1. Using amide H atoms built in the peptide plane, which far-off residues or other-chain residues are under 5 Å from residue 95 H to H?
2. Which percent, to the nearest 5, of DSSP beta bridges fully inside segment 3-173 are antiparallel?
3. Enumerate the calculated ³J(HN,Hα) couplings along segment 52-69 in order (Karplus 6.51 cos²θ - 1.76 cosθ + 1.60, θ = phi - 60°), each rounded to whole Hz, writing x wherever the residue is Gly or Pro.
4. Restricting things to alpha carbons, find the Rg to Rh ratio for segment 3-173 using the Kirkwood radius for Rh.
5. Treat the count of other C-beta atoms within 10 Å as a stand-in for reagent exposure and order 58, 50 from fewest to most.
6. Net charge around residue 36, counting only other residues with Cβ within less than 11 Å of its Cβ (Lys, Arg = +1; Asp, Glu = -1)?
7. How much net charge surrounds residue 80 when only the other residues with a Cβ under 14 Å from the Cβ of residue 80 are counted, with Lys and Arg +1 and Asp and Glu -1?
8. In terms of modelled amide H atoms, which long-range or inter-chain residues lie less than 5 Å from the amide H of residue 147?
Amino acid sequence: MNMRLIVALWLAVWLAPATLWAQDAARPAGLIALDGRAAPALVLANMDGKTTNLKTLKGQWVMVHFWASWCGPCRHEMPTLQALQQKMQGTRLTLLLVNTAESDDAVFTFLPTVAPELNTLMDRDGLVTERWQPRGLPSTFIVDPDGRLRYLALGGRDWTSAAYLSFLNSLISAGIK
């Protein structure tokens with residue numbers, strides 16, 4: 001075996017976990033590390049009928065955000081998600097909002113008043129939410145480019161704070177597939 005191959009293998013074995021550790025060390029308070037199991041299936045349509053399938057987003061980091069209009073913390077957090085989406089436009093991060101079992105009328109009345117630029121997927125029967133099992137609303141799962149659950153945020157937060165922006169940018173730029 002030539003020396004370059006040995007060095008490349010050594011770097012791959014030792015630096016990939018170090019990169020993950022560094023990201024974990026920079027993880028903002030309140031963001032829970034998950035075990036990396038495969039993300040549950042998610043195929044939902046928005047209010048216009050356009051369907052999104054999580055499987056088609058492989059190769060990107062995806063934030064799957066479960067919310068409802070009656071949820072106070074969801075209402076407070078929604079403008080920060082809109083700002084985050086604008087800041088992260090053109091990166092390898094996709095935001096998927098999932099409304100949990102509300103009517104189109106409730107969502108149509110609510111969303112334009114707090115985050116008019118956001119679009120949401122509609123889990124009308126609540127089955128996708130049941131499969132994902134968020135432990136309350138809002139809940140945000142961060143899915144890695146391989147479709148694995150990596151982090152969970154429970155409750156509302158300011159996604160545009162320096163700590164969260166820095167962390168999300170570190171995920172995107174780390175080169176971890």
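1. Amide H to amide H, under 5 Å and 5 or more residues apart or across chains, residue 95 pairs with 63.
2. Details: 19 of 30 bridges.
Percentage antiparallel, nearest 5: 65.
3. Karplus values, whole Hz, x for Gly and Pro: 10, 10, 3, 4, 6, 9, 4, x, 10, 7, 10, 9, 9, 10, 8, 8, 8, 5.
4. Working: Rg = 17.1 Å, Rh = 16.9 Å.
Radius of gyration relative to Kirkwood radius: 1.01.
5. Details: 58 13, 50 10.
Ascending number of Cβ neighbours within 10 Å: 50, 58.
6. On the way: positive: 37, 148, 150; negative: 35, 144, 146.
Within the 11 Å Cβ shell, the charges total 0.
7. Working: positive: 75, 87, 157; negative: 77, 117, 158.
Once positives and negatives cancel, what remains is 0.
8. 59
We did not get these values from a lab; they are worked out from the coordinates using the rules stated. Since we're looking at a predicted model, the values are computed, not measured. Counting neighbours? That spans all protein chains shown, and the Cβs are built from the backbone with ideal geometry, glycine included.
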